[in-house]
Amino acid sequence: MIQFNALLIAFLAVFVFQSLFQLTLNWINITHLRQHGKHVPRVFQDTVDKEKFSKIAAYTADSTRFGIGEKLFDQALLLVILLTCFLPWLVEIINNWHIGFIGGGLIFFTILAMIANLLDIPFDLYSTFVIEDRYGFNTRTIKLWLIDWIKGMAISFILGGIIIFFLLTLVYYFKNTWWFFAWIVISVFELLIMWLYPVLIAPLFNKFEQITNKELENNIATLMGKAGLAVKGVFQMDAGKRSRHTNAYFTGIGRTKRIVLFDTLLSSHPDEEILSVLAHETGHWMKKHIIKQLVLLEILSLIGLFIVAKLLKWQLIYQTFGFPEQIGYVGLFLVPVLLSPLGYFTRPVGSAISRKYEREADDIAVKMMGTAGPMKNALIKLSADNLANLVPHPIFSWFNYSHPPPVERIERLENMTEDVSTASL
């Protein structure tokens, strides 16, 4: 029986406050867009006309409303799972199978993951085949979507199952120190996935091949040489078979490090803009942003696992949600759920750090290119082509944005000296 005690009331209060806070932020952002969505920002006036600006506003509003609806559904589903005695009922069934702590935990998390993923299907379909299709982005067929979904589920269950298995094993055999060994295992596993992703996982979804523009490839090699960055190769990805969105990224670590360019990016941007985008990504490596983020992530992971380990022994958590005794794998689900609303309000800290890194990477890109023009033009075109919100509310962007808002970022590039010398690198 669920106990409506102080713990549950406190959790529900924070949970509801978080939901209302999210709704308010999104409402403020949409209201701000309606008020300022009729006048194209100066830096975009040569690229975005009023019709395109209206399309951007409509896409932002539709995506936001859909995101709100999906989030509210997820939150309602979580409350149903927590407050209807579903979890004690599920554990009772699992216990009748007599498969032990580790086996029971694997089944427990598998069932919860299956419920979440199956109920997410309508939202994914609507997002892909209604919203993305309405604004000309979607190129995916139902068949391809289904194949992607099956592959994604298989990979998620395999990788997730491995992690959960090791986690449950450590909890079972190292009752007081499991959190430290779990931190080591998870850290090593994350690095392994980063290493394997470009050569093992990504090719399951997309085709990667050497870019055919040899002049661009040579220019990229020269650019990377300036930064002293060695990569295994420069690849183009057939992103266009799923979406018309454009992007480029670095991936992998060690010998699997590579540069990936969307074919949609290659077809819509001149070489100097592509080079500036890659120079920006190179800036992240030169400033060691990836390493800094990994170190921060590992520190937070260690602290988080320590807190979970301490709370895992708190009998009140189990009693609150209908369990007469402590069940370790149930606690591994309940404790993160109880802490997640508080963690949400730390988001501005991570967003601020990320925006600082983006500005630093922009500075490196300008130095490497010797001019701010290509980077500025690339950002203008990327923002317009991807229908990015050009007038987000300052509070919304401060809380959520990992990158500076487009107008702010482009105006900053405009203020940079156009004849920057690469000799300063």
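See the values below:
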read-out	value
Normalised alpha carbon radius of gyration of the chain [divisor 2.2 N^0.38 Å]	1.09
Length released on extending from LYS310 to LEU159, taking residue separation times 0.36 nm less the Cα-Cα span	51.8 nm
Candidate lysines for bridging to LYS50, where Cα separation is under 20 Å - those fewer than 8 sequence places away on the same chain excluded	LYS38, LYS381
Sum of -39500 (n - 2.57) over DSSP H runs of 4+, divided by residues of the chain (222 nm, nearest 500)	-23000 deg cm²/dmol
The chain: angle of helix 6-36 to the longest principal axis, Cα-based, in degrees nearest 10	20
Karplus-derived HN-Hα couplings along the range 313-326 (A = 6.51, B = -1.76, C = 1.60, θ = phi - 60°), whole Hz, x at Gly and Pro	8, 7, 4, 4, 4, 6, 5, 4, 9, x, 10, x, 9, 6
q = 0.09, 0.13 Å⁻¹: log10 I(q)/I(0) that the Debye formula gives for the range 1-157, counting C-alpha atoms only	-0.50, -0.88
Sequence-distant residues sharing a close amide H with MET237 (under 5 Å, placed H)	LEU261, PHE262, ASP263
Net charge contributed by nearby residues that have their C-beta within less than 10 Å of ASN219 (K/R +1, D/E -1)	-3
Likely footprinting exposure, TRP149, TRP97, fewest C-beta neighbours within 10 Å first	TRP97, TRP149
Computed Kirkwood radius, in angstrom, where 1/r is averaged over Cα pairs of the range 283-322	12.4
Prolate/oblate/rounded label for the range 118-243 (Cα gyration tensor, a/c 1.5)	oblate
Cα long-axis angle, helix 328-344 against the chain (0 to 90 degrees, to the nearest 10)	40
Equivalent ellipsoid semi-axes, the range 199-343, via Cα gyration tensor eigenvalues times 5, rooted, Å	45, 18, 13
Whole-angstrom Cα spans of the range 375-416 along principal axes, big to small	26, 24, 15
Between 0 and 90°, nearest 10: helix 347-369 axis offset from the chain longest Cα axis	30
Cα-centred dipole magnitude for the chain, charges only on beta-carbon of K, R (+1) and D, E (-1), debye, nearest 20	400
Cβ charges +1 (Lys, Arg) and -1 (Asp, Glu), total dipole of the range 277-425, debye	400
Cross-link pairs beyond the 20 Å C-alpha cut-off, checked among LYS241/LYS376; LYS356/LYS376; LYS71/LYS313; LYS257/LYS376; LYS175/LYS310; LYS207/LYS241	LYS241/LYS376; LYS71/LYS313; LYS257/LYS376
Potential extension, ARG412-GLU215 segment - 0.36 nm per residue separation minus Cα distance	67.9 nm
Hz values of 3J(HN,Hα) by residue in the range 111-121 - Karplus curve (6.51, -1.76, 1.60), Gly and Pro given as x	5, 4, 5, 5, 4, 4, 6, 5, 6, 7, 4
HN-Hα J in Hz across the range 264-271 - Karplus 6.51, -1.76, 1.60, θ = phi - 60°, x for Gly and Pro	5, 5, 4, 7, 10, 10, x, 4
The chain, relative contact order [Cα under 8 Å, separation at least 6], %	22
Rounded FRET efficiency, nearest 0.05, which uses the C-beta distance separating ARG359 from VAL337 and R0 of 30 Å	0.30
Spacing of the two label points (7 Å from each Cα toward its C-beta) at ILE2 and ILE184, in nm	4.1
Amide proton proximity set for GLY322, modelled H, under 5 Å, gap of 5+	GLN3
Lys/Arg +1, Asp/Glu -1 at C-beta; the chain dipole; positive extreme among LEU12, ILE201, TRP27	LEU12
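Values in this text are rule-based calculations from the coordinates and carry no lab data. Just so it is clear, the structure is predicted and the values come from calculations on it, not from any experiment. No Cβ is skipped: glycine too gets one built from the backbone with ideal geometry, and neighbour counts run over all protein chains shown.
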